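Student: To start, I am sharing the structure in question, which I have written as structure tokens.
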Amino acid sequence: RYSMQFVRSLIERLPDGNYLSNMGYLPDGEHKYGSADCVFRFRPFGRYEAGWCGQNLSIARLLLKSYYAAGEREDAARAKGILNAWLSAQYPSGLFPSLYEARGEDALLDTCNLGWTVRRLVDCAQLLEEHGEGDARLIAAARAACNCVLRAGDGTRGFPQTMAPDGRVVNPDGMAGGMLAFGFIRLFEATGEQRYFSAAARAYRFYYDSY
């Protein structure tokens, strides 16, 4: 109960009526060590992250589960608002911004966040489907993101560390792409499309052998 109260305290309504979850609090709203007389305030920058520390898509899933378990209608509205906000931020390439506020064409996208995004889009799609509220946009968005990554490589040497919004690889090397393997597997489980499992298996083998 108290965990969900804290989750709800992070939710902010956007001018367009959608919602996002703030990454959390900082001492006096600044990056610094706290003190006995500081006041913890919402961070004024880097507020809305898809995965990693911000976990917007995971929070959407938690809110949906709360709604289906306890009938909290506001939780349903917030969850769907978070999903709508991130769907509206998807680039034409199929990729998603890592930070909602940094979604320009010059943004740098890390595939750790993308992995969380794909995984939770699939989770939310399946949860909605189980309760008769299927939203085909979610699987379509996850598929578009993974297809963009596959155009950059088949996972034999893992997935890129960072990418540009148009799908170009910025940094091909690093472990962040390992989070995408889980996203690819969840998409395979939802669609049955073998290419997603095969890419995840190749990438996992590469990361296991290399790091």
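Student: Bin width 10 Å, origin at 0, all Cα-Cα pairs of segment 141-201: what percent of pairs per bin?
Tutor: Whole-percent P(r) values from 0 Å outward: 25, 59, 16, 0.
Student: Using a Förster radius of 25 Å, what is the FRET efficiency between Asp209 and Cys53 based on their Cβ-Cβ separation? Nearest 0.05, please.
Tutor: It comes to 0.30.
Student: 7 Å from Cα along Cα→Cβ at both Phe42 and Thr156: what's the point-to-point distance in nm?
Tutor: Computed distance between label sites Phe42 and Thr156 equals 4.8 nm.
Student: Pick from Met175, Met23, Met163: which residue has the top mean-square fluctuation in a GNM of the chain where Cα pairs under 10 Å get a spring?
Tutor: Highest fluctuation of the listed residues: Met175.
Student: Can you divide the C-alpha Rg of segment 92-211 by 2.2 N^0.38 Å and report the result to two decimal places? Don't skip to the end; give the middle numbers.
Tutor: Numbers: Rg = 13.7 Å, N = 120, 2.2 N^0.38 = 13.6 Å.
That works out to 1.01 for segment 92-211.
Student: Can you give me the relative contact order of segment 45-167 as a percent, contacts being Cα pairs under 8 Å and 6 or more apart?
Tutor: Once divided by the residue count of segment 45-167, the mean separation gives 30 percent.
Student: Would you mind computing, in nm to one decimal, how far apart the modelled labels at Gln126 and Leu14 are, each placed 7 Å from Cα along Cα→Cβ?
Tutor: Between Gln126 and Leu14, the label points sit 2.6 nm apart.
Student: Right, here's the next one. Report the residue, chosen from Ala36, Ala50, Ala79, that carries the largest GNM mean-square fluctuation when the chain is represented by alpha-carbon nodes joined by springs under 10 Å.
Tutor: Maximum among the listed residues: Ala36.
Student: Using R₀ = 41 Å, calculate the FRET efficiency as 1/(1 + (r/R₀)^6) where r is the Cβ-Cβ separation of Val170 and Thr191; round to 0.05.
Tutor: Computed FRET efficiency for Val170 and Thr191: 0.90.
Student: Still on this structure: Taking a quarter of the surface of the convex hull around the Cα atoms of the chain, what do you get in nm²?
Tutor: Over every viewing direction, the Cα hull of the chain projects on average to 12.9 nm².
Student: Between Phe182 and Asp28, what is the label-point separation in nm under the 7 Å Cα-to-beta-carbon projection?
Tutor: Distance between the two pseudo-spin positions: 3.6 nm.
Student: If you look at just the Cα atoms of segment 1-80, how large are its Rg and its Dmax in Å?
Tutor: Here Rg and the maximum Cα pair distance are 13.7, 40 Å.
Student: Which of these, Leu187, Leu83, Leu26, has the largest mean-square fluctuation under a Gaussian network model of the chain (Cα springs below 10 Å)?
Tutor: Largest GNM mean-square fluctuation: Leu26.
Student: Another question, if that's okay. Could you tell me the relative contact order of segment 127-211? Use alpha-carbon pairs under 8 Å, at least six residues apart, and round to a whole percent. Walk me through the numbers before you get to the answer.
Tutor: Values: 94 pairs, mean separation 22.6, N = 85.
Averaging sequence separation for qualifying contacts and normalising by length gives 27 percent for segment 127-211.
Student: Enumerate the whole-percent occupancy of each 5 Å bin, from 0 to the last occupied one, for all C-alpha pair distances of segment 49-163.
Tutor: 2, 12, 23, 24, 17, 12, 6, 3, 1, 0
Student: Here's something else I'd like to know. Quick check on the chain: helices-only [θ] at 222 nm, where DSSP H runs of length 4 and up contribute -39,500 (n - 2.57) each and the sum goes over total residues. Nearest 500, please. Let's see the in-between values first.
Tutor: On the way: 7 runs with 108 residues, N = 211.
Calculated mean residue ellipticity at 222 nm is -17000 deg cm²/dmol.
Computed from the coordinates by the stated procedures, all read-outs in this text should not be read as laboratory data. Model, not experiment: these values are computed from the prediction. Because the Cβ atoms are built from the backbone with ideal geometry, glycine has one as well, and the counts that use them run over all protein chains shown.
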